[in-house]
């Protein structure tokens, strides 16, 4: 593609230098990773949380970049280019560098499935996109889901790698969208949209046929700094990425959801609301009967009443089913077929997943709940399954180098809603694990059954050995994850540091479900 055409489409103002020679330069690819630069590429120097793209402009130039895009206002000396490179390479100063990069990535990697729906919210995104994928599959659509669990079809993973991010970088995403359509014939894609991705414009130039909102509770304040900024990031999915004729499926039991629904209706976007009975929602949960293999759901769908057996446990999963149902209906799945599909939903890995049943009948569930609201919801959801004289146990921790404010809050919630609390490590990263555990326990002050249980494997051993007939243990926080992030240490046990003096972390294998089964296996 010609640089002049790209700039006319996605840039702003005149090229510098504004000459025919500059406009006629051929651009053969675009990347934000200087290691991927090839001859004739355009390198976008994106700002980052740990490294700034400006630091790699000279490397991009050395590898053959024909043009370099930088944030508006960047000084020449910040690029680190020598005199020859400054003469030969076109420098583009862009107001919205992230959005510019995403739109270029879409140009170079075109194509997409016919129908794409996205789900945002603090909790429930992963389950909802998996349920939606299954409802589409039941209707005969060729569908996959994309997000925290990676790329998945029904009961099948198409990647053996950790997803890494809830929502991928712009270039990776557009490559995948095109390949899903062209090479694999995928017609329907259900994907998660994280607040980070929306704020960082990773979804720029992706438009959605339907968008769902699950809830908004405290999380990621280490990044967004305030709940208002967090909400604004979520809102971008509906304000910027939803097609004008698209459908917004909104949880109007949530205060933020009410604001989103009102904003969408004011611009004449079709809204399908969902929530509990009494709120006037289009899709309402009239009743729920929990049982060993799942739950019976009594639903109101645009005023018509249905009863269906859902093969998943938990009140919060009932809400996620409603969101997926709304998205399915909003993308032309017939009502009767969508309702029937609920009875054949697949289990979602790490989302209230039954990991083991002990010989005495005690059950162990693994769940990804890692926020105050999610922990509250999962414990409330499991409580009805606990026997009359049995106890509800919970084992969890909080991640290091993340929102510290939620640690005592989660400790308090655990102490209020569980009979026995086992506080352990999540991903400690560069922090002292015991210090994190003590911060969690500070919120459970006075709780007689709250224990600092130590490292995760040892904590699981303690909690499992304490289970009696009819008890339930919820192992929360990591869900499907098969690793822990810990400090890298030298032979003497001292933390290692990189060239900038920052602590180095590493991933070690650790799957809650696998370790639980190892512990209870006959010796």
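The values are calculated or read from the model by the stated rules, or taken from the named source; none is laboratory data. Everything numeric here is computed off the predicted structure, so don't read it as measured data. Here Cβ is always computed from backbone atoms with ideal geometry, including for glycine, and neighbour counts include all displayed protein chains.
Tally time: how many residues in the stretch 318-343 are closer than 18 Å to residue 211 by Cα and in a helix (DSSP H, G or I)?
Qualifying residue count, the stretch 318-343: 13.
Could you list, in sequence order, all residues of the stretch 421-435 that are without any contact (Cβ under 8 Å) to a residue 40 or more places away in the chain and more than 22 Å from residue 480 (Cβ to Cβ)?
421, 431, 432, 434, 435
Quick one: would you say residue 285 is more than 30 Å from residue 470 (Cβ to Cβ) and in contact with a strand residue (DSSP E or B) (Cβ under 6 Å, 6 or more places away or on another chain)?
It is false that residue 285 is more than 30 Å from residue 470 (Cβ to Cβ) and in contact with a strand residue (DSSP E or B) (Cβ under 6 Å, 6 or more places away or on another chain).
Residues to consider are 457, 449, 383; find the one that is in the same structural domain as residue 487 (by TED's automatic domain parsing), in contact with a helix residue (DSSP H, G or I) (Cβ under 9 Å, 6 or more places away or on another chain), touching a residue at least 12 places away in the same chain (Cβ under 8 Å) and within 23 Å of residue 517 (Cβ to Cβ).
457
Confirm whether residue 66 is in contact with a strand residue (DSSP E or B) (Cβ under 9 Å, 6 or more places away or on another chain) and surrounded by 17 or more Cβ atoms within 10 Å (Cβ to Cβ).
Yes: the conditions hold for residue 66.
With (1) assigned to a loop (DSSP other than H, G, I, E, B); (2) surrounded by 21 or more Cβ atoms within 10 Å (Cβ to Cβ) as the list, and residue 402 as the residue in question, which single condition is left unmet?
So the condition that residue 402 fails would be (2).
Whether any residue in the stretch 477-493 is closer than 18 Å to residue 411 by Cα and in contact with a helix residue (DSSP H, G or I) (Cβ under 6 Å, 6 or more places away or on another chain) is what I want to check.
yes
Is at least one residue of the stretch 114-134 over 25 Å from residue 351 (Cβ atoms) and either in contact (Cβ under 8 Å) with a residue 40 or more places away in the chain or over 23 Å from the mean Cα position of the chain (by Cα) (or both)?
Yes, the stretch 114-134 contains at least one residue that is over 25 Å from residue 351 (Cβ atoms) and either in contact (Cβ under 8 Å) with a residue 40 or more places away in the chain or over 23 Å from the mean Cα position of the chain (by Cα) (or both).
For the stretch 104-126, which residues satisfy the criterion of being assigned to a helix (DSSP H, G or I) and touching a strand residue (DSSP E or B) at 6+ places or on another chain (Cβ under 9 Å)?
Within the stretch 104-126, 104, 105, 107, 108, 125, 126 meet the criteria.
Taking the criterion of being over 30 Å from the mean Cα position of the chain (by Cα), at negative phi and without any contact (Cβ under 8 Å) to a residue 24 or more places away in the chain, would at least one residue in the stretch 466-476 satisfy it?
no
Out of all the residues in the stretch 352-374, which are under 26 Å from residue 428 (Cβ atoms) and touching a strand residue (DSSP E or B) at 6+ places or on another chain (Cβ under 6 Å)?
If the condition is that a residue be under 26 Å from residue 428 (Cβ atoms) and touching a strand residue (DSSP E or B) at 6+ places or on another chain (Cβ under 6 Å), then 352, 353, 355, 356, 364, 365, 366, 367, 369 are the ones that fit.
Please list, ordered by residue number, the helices (runs of 4 or more DSSP H) wholly in the stretch 158-269 having 1 or more residues that are touching a strand residue (DSSP E or B) at 6+ places or on another chain (Cβ under 9 Å) and assigned by TED's automatic domain parsing to the domain that holds residue 330.
170-182, 195-199, 227-236, 255-266
In the stretch 344-369, what count of residues is obtained for those that are assigned to a loop (DSSP other than H, G, I, E, B), touching a residue at least 40 places away in the same chain (Cβ under 8 Å) and closer than 19 Å to residue 312 by Cβ?
The qualifying residues number 10.
I'm trying to understand the selection: among the residues of the stretch 413-423, which are surrounded by fewer than 20 Cβ atoms within 10 Å (Cβ to Cβ) and in a helix (DSSP H, G or I)?
Within the stretch 413-423, 416, 417 qualify.
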